[in-house]
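Okay, so here's the structure we're looking at.
The values are calculated or read from the model by the stated rules, or taken from the named source; none is laboratory data. Because the structure is predicted, anything quoted here is derived from the model rather than measured. Note that we place each Cβ from the backbone using ideal geometry, even for glycine, and neighbour counts take in every protein chain shown. Side chains included, ligands, DNA and RNA excluded: accessible areas come from the protein's heavy atoms. Shrake-Rupley method; radii C 1.70, N 1.55, O 1.52, S 1.80 Å.
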Amino acid sequence: MVNNSPLKIIAIESDPNVCFRLEHLLSQQADMRLLGCARTCREGKSLCETFPFQMLLVDMTLPDGWGLELIREIASNHPDVDIMVLANSNDDPHIVNAIETGAKGYVLKKELEKNLVAAIRLLQAGGSPVSPSVAKSVLRALRTFTTQTSAQCPKSVESNPLSERETEILRLLAKGMSFNEIGDILTISPHTVTAHIKKIYRKLQVHSRGEAVYEAVQMGLLP
């Protein structure tokens, strides 16, 4: 049976103007419902404890705390909730930490009207809406971490739990390519790409592109 209920979303954003834009944008989507836009960590936690929700949009810097702590708490207490970071720039120093902690997507505040709705739908479908520039930042950080770790304690290559096609898709993901671009390269539909990526996440026991790349590097599946 098809579930026609709107996607229930909670936003935690310190900027009143961004909250207004979120409310205006999401109110126009029949398949989405913004339950509330909190301005602080405390208000956000109260909203999350009061209403059942399926997606969290969270600012990284809040008046009374860090979005990173909220991401960690929500990912732990609500593992089925999808978490998307609202950020000011692609070079936000918290990108890698947010993705490693549990965020599955990343959208720039200046591009809300252009990208947010599509990013929410992609995240809901099991994808990871992260721009190529952000993916590159993640990969740079992971390469640095991996180099340091390997120098201290080299790891042997583990057996690959992924199929040949899944490994191929993971390599393209690691290059920062979008689902559509991967589909074009492999001559398969974006829907098929999404299905493969869900299997990759499940086999590697991860929830985002950044985590998948990190685990694959640690296992020796990616250079």
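Write down the accessible area per residue of segment 5-80 in Å², having rolled a 1.4 Å probe over the full set of protein chains. Present the calculation step by step, with values, prior to reporting the outcome.
Details: 3900 Å² over 76 residues.
For segment 5-80, the solvent-accessible area averages 51 Å² per residue.
Arrange the residues H191, H196, H78 by how much accessible surface each exposes, largest first, with a 1.4 angstrom probe.
On the way: H191 145, H196 35, H78 65 Å².
Descending order: H191, H78, H196.
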What FRET efficiency do you get for I188 and R33 if R0 is 45 Å and r is their Cβ-Cβ distance, rounded to the nearest 0.05? 0.85
Where Lys and Arg each count +1 and Asp and Glu each count -1, what net charge lies around I188 among other residues with Cβ under 13 Å from its Cβ? -3
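Decide, for segment 1-114, between rounded, prolate and oblate: order the square roots of the alpha carbon gyration tensor eigenvalues as a ≥ b ≥ c, take rounded if a/c falls under 1.5, and otherwise choose prolate if a/b is larger than b/c, else oblate.
Details: a/c = 1.43, a/b = 1.20, b/c = 1.18.
Judged from the Cα gyration tensor, segment 1-114 comes out rounded (a/c under 1.5).
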Within segment 42-132, which trypsin sites (Lys or Arg not before Pro) sit in a loop by DSSP and count at most 11 neighbouring Cβ atoms inside 10 Å? none
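For V107, V96, give the ranking by accessible area with the largest first, probe 1.4 Å.
Numbers: V107 5, V96 30 Å².
Putting V107, V96 in descending order of accessible area: V96, V107.
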Around A75, what is the net charge, scoring Lys/Arg as +1 and Asp/Glu as -1 over all other residues with Cβ under 13 Å from its Cβ? -4
